[in-house]
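The structure under discussion appears below in the form of structure tokens.
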Amino acid sequence: MSYPQVLIDLHKIRHNANHIVNLCKQNKIEVMAITKGVCALEQVVRAMLGGGVKKLGDARIDNIKHMRNKGIFAPIYLIRIPMLSEIKDLVFWADGSLNSEIETIKAISEEAQAKGKIHKVIVMVDVGDLREGFLPEDVVEAVGQIINLPGVEFEGLGTNVGCYGGVLPSCDNTNILVRLAKEIEKKYKVKVKTISGGSTVTLDLLEKGNLAPGVNQFRIGEAILLGTDTVNHKQVPGTFQNTIVLKTEVVELKTKPSKPIGRIGRDAFGNIPHFEDKGLMKRAIVALGRQDCMIEGLKPMDATIQIIGASSDHLILDVSKSNGIGIGSVVDFNMSYGAMLGTMTSKYIDKTFK
Ligand SMILES: *Cc1c(COP(=O)(O)O)cnc(C)c1O
């Protein structure tokens, strides 16, 4: 067993997936499980499928390719707006994608036609978070262009909030999609099959009964993987937390002053550090650093331990109040979604399962 490592509890993730799928099913909502947070690790994806997930989404073609090569044949969507340079791979590996540019959708149409495929397109609508999507006033006209393109199937509308602008989902902003869908159905006499109304942050709206009726898909990552909802700053009811734990090893344990000795310049990252003099302190260093993950997103599972700071390869902890820590001890951390992303892409961190 080598450290640092993330220990992924597949049973808890399967439970979380199952809970979210059932909750959504009761509300006639389909779940697209989002796998990017764990780089589409096969074991995790299989746990999601085991929990009843029928559709997958990822932001990277590489991850989609990985899933296909592992024999995962559920429908998979690319959920980041595709690059023109990846259209060939997109059409080959994915069943559909979220889109916001006519030029790109035309390129998909040509490639799909050339390969004799039908690629599903969900048109993204920007309801105010100002990340991706057509502005609402441009959607109906854009869909008019897409429905006539060969090789692509206009599947529906989608939106994303809470990611860039921090805009919270509401009855009003989810209703923009439903209203546009009705307008499209009336004007073009087509069925808008999918109304993809949000992500983990939108579960809160469902719980409170404020989701616009008509939304029939959620794209869920964080609630399944971590049981948390960062944007609403809460745990998702009915899910397990402690699903993915970061385990690190203590390499130094000493009592030292809490205020550095000498003239203070900049730290290794160019910042001027400030220290409070708390007297002598029992300090542990674990072998983990900023090169491995976003330290600010870590929380020691032992509440008596506090993070003091980190450099690229060392994480310094105040362990004055904890007993039983020695050289070689393992210290466990919960991670935010942001910290988890880093650990998953770091080749220095082992991925283990239970
Ligand atoms: C990452 C992502 C999601 C999933 O968000 P969670 O907060 O993890 O549920 C959904 N949709 C898009 C477009 C995304 O990029």
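Please treat every number below as a calculation from the coordinates, not as lab data. All values derive from a computational prediction rather than experimental measurement. Virtual Cβ from ideal backbone geometry, glycine too; neighbours counted across all protein chains shown.
List the residues whose amide H sits under 5 Å from the amide H of LYS120, counting only those 5 or more places along or on another chain, with H placed 1.01 Å from N in the peptide plane.
GLY96, SER97, GLU153
Let me have the relative contact order for the range 293-354, percent, based on Cα pairs under 8 Å that are six or more residues apart.
With pairs under 8 Å counted, the relative contact order is 41 percent.
Per residue and in Å³, how big is the convex hull formed by the alpha-carbon atoms of the range 82-221?
Residue-normalised Cα hull volume stands at 101 Å³.
Taking Cα centroids, how far is the range 223-278 from the range 64-88 in Å?
Using only Cα atoms to place each centre, the spacing works out to 34 Å.
How many nm is it between the label spots at CYS163 and MET301, if each spot is 7 Å from the Cα in line with the beta carbon?
3.0
May I ask you to list the trypsin sites (Lys or Arg not before Pro) in the range 197-248 that are in a DSSP loop and have at most 11 other Cβ atoms within 10 Å of their Cβ?
Answer by residue number: LYS208.
Can you order the peptides 171-179, 299-307 by their average number of other Cβ atoms within 10 Å per residue, highest first?
So the order, starting with the most tightly packed, is 171-179, 299-307.
Apply the a/c threshold of 1.5 to the C-alpha gyration tensor of the range 13-138 and tell me whether it is rounded, prolate or oblate.
oblate
For the chain, what's the relative contact order in percent, using C-alpha pairs closer than 8 Å and at least 6 residues apart?
Relative contact order here is 18 percent.
For the chain, what does -39500 (n - 2.57) per DSSP helix run (n ≥ 4), summed and divided by total residues, give at 222 nm, in deg cm²/dmol to the nearest 500?
My calculation for the chain gives -9000 deg cm²/dmol from helical runs alone.
I need the phi-derived Karplus couplings for the range 229-241: 6.51 cos²θ - 1.76 cosθ + 1.60, θ = phi - 60°, integer Hz, Gly and Pro marked x.
Result, ordered by residue: 9, 4, 5, 8, 6, 8, 8, 8, x, x, 10, 8, 9 Hz.
Any idea what the dipole of the chain comes to, in debye rounded to 20, about its Cα centre with Lys/Arg Cβ at +1 and Asp/Glu Cβ at -1?
Dipole size: approximately 800 debye.
Explain nothing, just the number: dipole magnitude of the range 3-74 about its Cα centre with +1 on each Lys and Arg Cβ and -1 on each Asp and Glu Cβ, in debye rounded to the nearest 20.
Its charge dipole is roughly 200 debye.
Would you work out the relative contact order for the range 50-187, in percent, from Cα pairs under 8 angstrom that are 6 or more residues apart?
19
With springs connecting C-alpha atoms under 10 Å apart, model the chain as a Gaussian network and identify which of GLY116, GLY265, GLY50 has the largest mean-square fluctuation.
Result: GLY265 has the largest fluctuation of those listed.
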